[in-house]
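Down below is the structure, laid out as structure tokens.
No value in this document is a laboratory result; all are computed from the given coordinates. Quick caveat: nothing in here was measured; it's all calculated off a predicted structure. Glycine gets a Cβ as well: all are built from the backbone with ideal geometry, and neighbour counts include every protein chain shown.
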Amino acid sequence: MTITPEIPGRTVERAPAGPAQDGIRPPRPRARPRLRALDGLRLVAALMVAAYHYGGRGGEITKAWGVSAASLFPSAHTWFAYGCLGVQIFFVISGFVICMSGWGRSLASFFASRAARLLPAYWVSVLLVTLVFALPAVVYEAVSPSDVLVNLTLLQQPLGVDRVLGVCWTLWAEIRFYALFAVCVVLPGAGRRRIVLFCAVWTLASALGKASGEPLLDVVLMPEYAPFFIGGIGLYLVHRNRRDATAWGIVGVSWLLGQHYAVADLWHPAGPHDFSYRSSLVIIAIVTAGFCAVAAIAVGALARFDHPWLTVAGALTYPFYLVHEHLGWVVVGTLHRRFGIPAWETAALTVVLMLVLAWLMHRYVERLLTPRLRRALSGGTVARSA
């Protein structure tokens with residue numbers, strides 16, 4: 001009997017294929033419970049990023065607030081500055097989920113599931129932000145029509161085109177991860193040995209690529225983000241077999257390398273020209289907490305967090321992540337500067353409004369377009385995705 005993943009946090013046990021005997025049909029696949037704690041962790045990571053954008057840039061004067069966040073959040077802005085590490089936690093979760101969803105899937109099905117998952121909400125977010133920024137009352141400058149069209153391809157980063165969504169740089173990292181996983185694992189057929197080899201080769205190759213100083217290798221291998229994706233893959237192997245020492249080794253090496261890159265990219269001391277202050281020890285602690293949280297989910301330690309609302313939280317995460325920054329700035333400027341609402345209340349109301357918008361996008365965009373796009377890309381066959 002094999003375990004075949006269907007959607008995030010849910011796997012399906014399938015009996016070996018074969019004709020029915022004695023006129024008795026084989027039993028239907030049995031779905032294992034969804035990992036709802038993983039959905040909740042997704043939203044926590046997204047809220048961390050939102051806290052960074054709204055209040056973590058302490059010494060930087062923003063158009064939205066009109067002053068620096070340090071003056072509005074005298075104590076909290078120092079902690080909000082660590083919110084950007086939510087991205088690294090996202091990458092660990094992504095490694096876990098993509099390994100789960102790619103296991104036992106054909107390349108065409110994998111491509112269809114990824115494209116259908118990313119594109120509908122992304123396209124709507126790009127168009128919505130462009131339209132809002134084009135309004136005369138909005139002080140932010142919209143990108144050119146040509147650049148908007150390029151943004152719809154998700155290839156604006158390598159082409160050097162102005163971005164409509166500031167957060168889309170993380171999607172470019174995700175796409176490169178999907179491509180590597182598809183070519184090296186999904187295409188030849190996912191299996192434990194192949195996935196372990198993929199993790200080992202990518203870890204070594206990314207270190208060698210970093211040492212070589214070759215820009216192309218840096219783009220393809222993503223040494224600063226690879227440990228987080230690889231760590232998530234290792235944690236999915238742990239989820240399948242918590243006694244898998246090799247999988248735990250993959251996770252351990254990925255954590256060691258991940259904290260290094262996080263500190264190297266994000267640490268700096270306090271100073272008049274810095275927009276945030278971060279301690280290297282706190283960075284390490286947050287990276288460690290992210291790995292530990294996904295590990296706890298992988299081994300079932302958080303199975304009691306099985307509330308249905310966590311599934312809703314997970315569904316809101318992606319559209320919220322897409323719209324919260326730029327549209328959030330518009331809301332912040334309107335509430336705080338135009339109507340004089342205090343900073344804390346403004347930040348809280350902005351998060352709530354962005355979550356409401358995320359729910360509307362999930363309800364009327366993702367739920368309608370995602371299955372249709374997946375069906376079209378997979379040639380009319382229906383396949384569930386992560």
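Between residue 339 and residue 364, the modelled label-to-label distance comes to 2.0 nm, taking each label 7 Å out from Cα in the direction of the beta carbon. Mind jotting down the distance between the C-alpha centroids of the stretch 89-142 and the stretch 270-329, whole Å? That distance is 18 Å.
Would you tally the net charge around residue 47, using a Cβ to Cβ cut-off of less than 15 Å, leaving residue 47 out, and scoring K and R as +1, D and E as -1? Once all neighbours under 15 Å are counted, the net charge is -1.
How high is the relative contact order of the stretch 158-270, in percent, counting Cα pairs under 8 Å that sit 6 or more residues apart? Answer for the stretch 158-270 is 21 percent. Listed peptides 43-50, 62-69 appear in the order 43-50, 62-69 once ranked by packing, highest mean of other Cβ atoms within 10 Å at the front. Remark: C-alpha extents of the chain on the principal axes read 75, 43, 43 Å, sorted largest to smallest. The fewest-to-most ranking of 280, 109 by surrounding Cβ atoms within 10 Å reads 280, 109.
3J(HN,Hα) along the stretch 119-128, derived from phi through the Karplus expression 6.51 cos²θ - 1.76 cosθ + 1.60 where θ = phi - 60°, amounts to 6, x, 5, 5, 4, 5, 5, 4, 5, 5 Hz, with x in place of Gly and Pro.
Set the Förster distance to 45 Å, then compute FRET efficiency between residue 218 and residue 67 from the Cβ-Cβ distance, nearest 0.05.
0.75
Using C-alpha pairs under 8 Å with a sequence gap of at least 6, the mean separation divided by the residue count of the stretch 74-178 gives a relative contact order of 19 percent.
Taking 0.36 nm per residue of sequence separation and removing the Cα-Cα distance, the residue 123/residue 353 pair yields an extension gain of 80.8 nm. Over the stretch 135-280, the fraction of Cα-Cα pairs per 5 Å bin, rounded to whole percents and listed from the shortest bin up, is 2, 8, 14, 15, 16, 15, 12, 8, 5, 3, 1, 0.
What is the chain's relative contact order, in percent, from Cα pairs under 8 angstrom and six or more apart in sequence?
26
Answer rounded, prolate or oblate for the stretch 249-345, using the Cα gyration tensor with square roots of eigenvalues a ≥ b ≥ c: rounded when a/c is under 1.5, else prolate when a/b is larger than b/c, else oblate. Verdict is oblate for the stretch 249-345. The angle separating the long axis of helix 367-377 from the principal Cα axis of greatest extent in the chain is about 50 degrees.
Dividing the summed helix terms, -39500 (n - 2.57) for each DSSP H run of n ≥ 4, by the number of residues in the chain produces a 222 nm estimate of -19500 deg cm²/dmol to the nearest 500. For the chain, set up a Gaussian network in which alpha carbons nearer than 10 Å are linked by springs, and say which option among 94, 125, 279 fluctuates the most. Among 94, 125, 279, the largest mean-square fluctuation in the Gaussian network model of the chain belongs to 279. The angle between the Cα long axis of helix 86-102 and the longest principal axis of the Cα atoms of the chain comes to about 20 degrees, rounded to the nearest 10.
Sorted largest first, the principal axis extents computed over the alpha-carbon atoms of the stretch 286-386 equal 52, 37, 24 Å. Any chance you could give the angle, 0 to 90 degrees and rounded to 10, that helix 343-361 forms with the longest Cα principal axis of the chain? That works out to roughly 40 degrees.
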